[in-house]
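The values are calculated or read from the model by the stated rules, or taken from the named source; none is laboratory data. Please read all numbers here as calculations on a predicted model, not as lab measurements. Neighbour counts run over all protein chains shown; Cβ positions are idealised from the backbone, glycine included.
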Amino acid sequence: MKGRRTLARGAASIVGVGCTEFSRRAGRTELQLACESITAALDDAGIAAADVNGIVSYTVDPVEETELVRSVGLEEINFSARIPYGGGGSVGVLQHAAAAVASGTAEVVVAYRAIRARSGATRFGSAKTAPSPTSGHSGTTAMQWCMPFGVLTPASWMALNSVRYMHEFGVESADFGRAVVQLREYAASNPAAWGFQNPITLDEHQESRWIVEPCIHLLDCCQETDGSVALVITGSQRAADLPHTPVRIGTASTAGLFEQEIASDHYRPDLSVMDGTVALGRRLFEDAGFSRDDIDVALIYDAFSPILLMQLEGLGFCGFGEAKDFIADGNLALDGSLPTNTNGGLIGEGYIHGLNLVLEAVRQLRGTAVNQVAEARTAVISASRTGAILTLD
Amino acid sequence: MAADAPTRPSPTVTDDSAVFWDAAAESRLVAQRCAGCGRLRHPPRPMCPACSSLEVEIAELSGQGTLYSYAILHHPQHPAFEYPVIAALVDLEEGVRLLSSLTDVSKDDVRIGMPVYAHFVPTADGPLIPVFRPSEDL
């Protein structure tokens, strides 16, 4: 290892995963959804609820810890944390869980997200004009600077960056469309996905209506979804005695820069580059001692397709402005150099606020993914500001 | 109610942000200027990130800038706005960036780099907010 200090490499492992169905209408509360996914994850791990002593979720998750503890039957909690920055912070649950385990603060940590993004009271994609100044610590305080001007949704916030990106590098909507076609091809063979048995063509992408012109068609958007995902993390030594092959958290990190926000990231000097993701890539690869060539599969937060391209560049899998060619050359496919979002991504599978991408990474390394990458041993997960490398090695 | 009564939602004003919105209500475009090192900053904040000074002055801005980026918003549609909304990031000549929207321009004429200048429009509860229009005839 060289460079700065990072999380103890491989000290913690993901030993259980669980989820509910992903649907338009769960018909039950987020609390119940969380109970179901956590119980499934503990069953998968072969660990009793009484052994859990740490819980981690997002600041914006509606489930109250007290209700969760009394529902799942957790006996004593010694560590709990909530990660800010909305979906950008989604992989941060792994960083906090792994740090708690590596430091001895907790022995078994459950990370979860439960969401009714489709049927619940508030859809991210609906038009809201009354922001709270703190926005639930989602990293989008700039909402207050957006809403009087009609800039009301994550798509509209991200579009301002995306249009500058298109302008700087000559990227066109069809370039985003080629990524979406690949995601929908993956989703078409994933029974859990919104896009199951429903692939699209580039023409269909181009003909779908504008959400934000000239960068986000309807088919560039993730699928607002009801559901829950949970993960069980424990020390790698204990993990060796559990039923599944442990998936080690090789490293997990966060990179937040001066003037950086999340979806409403408008005040960095150069918006054509996700320079927070550049910093994240440096943390995951150079600082933690991993090579990009080691990566067998990538899971990249795709709330909207433009940020998939921008993160591929920020992470260093291709040069700036080159993601469109990297994708057109087929590199995101199963037989490409970097199979990406093999569950269909948030666009094709559904939007559990990013945590379903971690679920897919674990399945790939266990060899149980629906679109399995042959002999996958190492995966990278990026949510632009938080990320991790999972590995069997 | 008149058909052209203003419908844009009024800004959410906090103790930290009032310096900007209170000036806008008087048709003035301002930014904070650090009294210690002279650095301009937006959005407003209590401390200068360069020199940690808490002393602040109000800098009057010309309202002249260039369009750094834009987005033509079609969906979802909120009844308070006319669509498409043209969202704008404007780099003001004094060196701060402002998020706003464009008026008096067809969406097909919007170009990154075009010169724009501020004018003020009323919101539903009365306060004015700054929006931008092209500086040159299109």
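Of all residues assigned to the stretch A:325-338, at least one qualifies as being surrounded by fewer than 22 Cβ atoms within 10 Å (Cβ to Cβ), free of Cβ contacts under 8 Å to residues at least 12 places away in the same chain and in a helix (DSSP H, G or I).
When residues in the stretch A:202-237 are screened for being within 14 Å of chain B (Cβ to nearest Cβ) and not aliphatic (A, V, I, L, M), 10 of them pass. Of all residues in the stretch B:79-138, those satisfying the criterion of being under 14 Å from the mean Cα position of the chain (by Cα) and of a type in the set (Ser, Thr, Tyr) are B:SER100, B:SER101, B:THR103, B:TYR117, B:THR123. Residue pairs whose Cβ atoms lie under 6 Å apart, separated by 6 or more positions or on different chains, with the first residue in the stretch A:372-393 and assigned to a strand (DSSP E or B) and the second surrounded by fewer than 18 Cβ atoms within 10 Å (Cβ to Cβ), are A:THR378/A:ASP294.
Note on the stretch B:12-26: residues that are assigned to a loop (DSSP other than H, G, I, E, B) and in contact with a Leu (Cβ under 6 Å, 6 or more places away or on another chain) amount to 1.
Say whether the condition of being more than 21 Å from A:LEU242 (Cα to Cα), surrounded by fewer than 24 Cβ atoms within 10 Å (Cβ to Cβ) and modelled with pLDDT of 95 or more is met by at least one residue in the stretch A:350-370. Yes; the residues of the stretch A:350-370 include at least one that is more than 21 Å from A:LEU242 (Cα to Cα), surrounded by fewer than 24 Cβ atoms within 10 Å (Cβ to Cβ) and modelled with pLDDT of 95 or more. Close Cβ contacts (under 6 Å, 6 or more residues apart or on different chains) running from residues in the stretch A:48-73 that are modelled with pLDDT of 95 or more to residues that are part of a loop (DSSP other than H, G, I, E, B) and buried (at least 19 other Cβ atoms within 10 Å of the Cβ) comprise A:ALA49/A:LEU74; A:VAL52/A:LEU74; A:ASN53/A:ALA106; A:GLY54/A:ALA106. The residues of the stretch B:14-51 that are within 11 Å of chain A (Cβ to nearest Cβ), hydrophobic (A, V, I, L, M, F, W, C) and within 14 Å of the chain's Cα centre (by Cα), listed by number, are B:PHE20, B:TRP21, B:ALA24. If a residue has to be within 14 Å of another protein chain (Cβ to nearest Cβ) and polar (S, T, N, Q) to count, how many in the stretch B:53-75 make the cut? Qualifying residue count, the stretch B:53-75: 2. The residues of the stretch A:119-149 that are away from chain B (no Cβ under 14 Å), modelled with pLDDT of 75 or more and in contact with a Gly (Cβ under 9 Å, 6 or more places away or on another chain) amount to a single one, A:SER119. Suppose the filter is under 23 Å from B:ARG133 (Cβ atoms), crowded, with 21+ Cβ neighbours inside 10 Å and among the β-branched types (Val, Ile, Thr); does A:VAL171 pass it? Judged against the criteria, A:VAL171 is not a match.
The set of residues in the stretch A:231-282 being part of a helix (DSSP H, G or I) and surrounded by fewer than 22 Cβ atoms within 10 Å (Cβ to Cβ) consists of A:SER236, A:GLN237, A:ARG238, A:ASP275, A:VAL278, A:ALA279, A:ARG282.
When every residue of the stretch B:27-45 is checked against the conditions, at least one turns out to be assigned to a strand (DSSP E or B) and either out of contact with any strand residue (DSSP E or B) (no Cβ under 6 Å at 6 or more places or on another chain) or under 30 Å from A:CYS221 (Cα atoms) (or both).
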